[in-house]
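Take a look at the structure below.
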Amino acid sequence: MDDFLIYSGYLILLINLILYSFSFFRKEKANVFFVCYLAFAFLMQISMETLWYLNMNNLFLVNIFFIGQMILLGLFYYSISKINVQKKFVKISLVLALAVLTIQFVNTPKEFLKFNLFEITLTSLLIVVFALIHFYNMLTENKTYYYASMGIIIYLLSSTVLFIIGNLTSTLNSDVKYISWMVNAFLNVVYYLFILYEWKVSFSPKRSLQV
């Protein structure tokens with residue numbers, strides 16, 4: 001069951017990458033930073049899976065993934081915002097977050113080679129803040145990337161809570177940790193389905209003909 005969820009997530013992510021890339025290169029509609037995020041996420045997922053299969057430590061790739069995810073989704077929300085104050089907030093937030101993480105890694109380099117709960121929480125919650133700001137903007141603007149943003153908020157908030165619980169219960173029965181990872185894998189699939197539905201609603205050829 002766990003393999004089914006994991007590989008289903010990879011498959012849906014790949015489908016999303018193909019569809020959004022088509023919409024960007026052929027239709028010039030999809031956001032370039034969002035397409036880059038999907039490509040980066042797929043590359044990281046496959047790389048982490050490969051290292052795990054080879055019985056190699058892949059936690060440094062996990063840290064790279066969360067930092068890259070923060071940067072690319074931050075740039076994504078920066079690019080679709082039309083309010084200068086919000087754009088400055090996103091820019092300053094990204095710089096400060098990267099500065100804090102750089103200081104942490106310089107002071108304790110080993111943090112980059114293990115499961116870094118502080119980094120995961122900081123980068124995930126910052127993206128959630130950006131998405132919530134975008135939701136606020138959609139009260140008076142067109143609902144661009146509405147479902148993708150909803151998926152981002154649901155998944156990142158839920159996965160962060162699961163990571164915190166998993167870290168706090170690390171000394172408990174391994175079944176508890178297994179269940180938390182299974183739930184996270186399920187939420188990951190749901191997240192990618194939100195992104196897929198966003199493409200269907202906003203960028204599919206049928207939608208383009210209606211517009």
How much accessible area does PHE60 have with a 1.4 Å probe, in Å² rounded to the nearest 10?
-> 70 Å²
Would you rank TYR78, TYR155 by solvent-accessible area, highest first, keeping every protein chain in place and using a 1.4 Å probe?
-> TYR78, TYR155
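With a 1.4 Å probe and every protein chain kept in, tell me what percent of the accessible surface of the range 1-202 is carbon plus sulfur. Kindly include the intermediate steps, with their values, before the conclusion.
On the way: 7800 of 10920 Å².
With neighbouring chains kept in place, the figure for the range 1-202 is 71 percent.
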Using alpha-carbon positions, what is the distance between the centroids of the range 96-171 and the range 1-50, in Å?
-> 19 Å
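Please calculate how many Å² of accessible area the chain carries per residue, with a 1.4 Å probe and no DNA, RNA or ligand atoms counted. Kindly include the intermediate steps, with their values, before the conclusion.
Numbers: 11710 Å² over 211 residues.
On a per-residue basis, the chain sits at 56 Å².
Taking the Cα centre of the range 1-202 as the origin, how large is its charge dipole in debye, to the nearest 20, when only Lys and Arg (+1) and Asp and Glu (-1) carry charge on their Cβ atoms? Display every interim value, and only then the final one.
Details: 12 positive and 9 negative charges, 140 e Å.
It works out to roughly 680 debye.
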Report, in degrees rounded to the nearest 10, the 0 to 90 angle that the Cα long axis of helix 2-25 makes with the longest principal axis of the chain.
-> 30 degrees
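What Kirkwood hydrodynamic radius, in Å, does the range 1-202 give when the mean of 1/r is taken over all pairs of distinct Cα atoms and then inverted? Could the numbers behind the result be given before it?
Numbers: mean 1/r = 0.0563 Å⁻¹.
Evaluated over the range 1-202, this radius sits at 17.8 Å.
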Hey, in the GNM for the chain with a 10 angstrom Cα cutoff, which one of ASN16, ASN58, ASN184 fluctuates hardest?
-> ASN58
For the range 1-202, please report how many Lys pairs fall under 29 Å Cα to Cα, leaving out neighbours fewer than 8 apart on the same chain.
-> 23
Rounded accessible area of TRP181 (nearest 10 Å², 1.4 Å probe) | 140 Å²
What angle, in degrees between 0 and 90 and rounded to the nearest 10, separates the Cα long axis of helix 84-107 from the longest principal axis of the Cα atoms of the chain?
-> 20 degrees
Heavy atoms of ILE103: accessible area, 1.4 Å probe, square angstrom to 10 | 100 Å²
Mean-square fluctuation maximum in Gaussian network of the chain, Cα pairs under 10 Å, restricted to ASN63, ASN31, ASN84, hits ASN84
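The values are calculated or read from the model by the stated rules, or taken from the named source; none is laboratory data. Values in this document were obtained by computation on a predicted structure and should not be read as measured data. So basically every Cβ, Gly included, is an ideal-geometry build from the backbone, and we count neighbours across all protein chains shown. The area values use the complete protein model at the heavy-atom level, side chains included, leaving out ligands, DNA and RNA. Shrake-Rupley method; radii C 1.70, N 1.55, O 1.52, S 1.80 Å.
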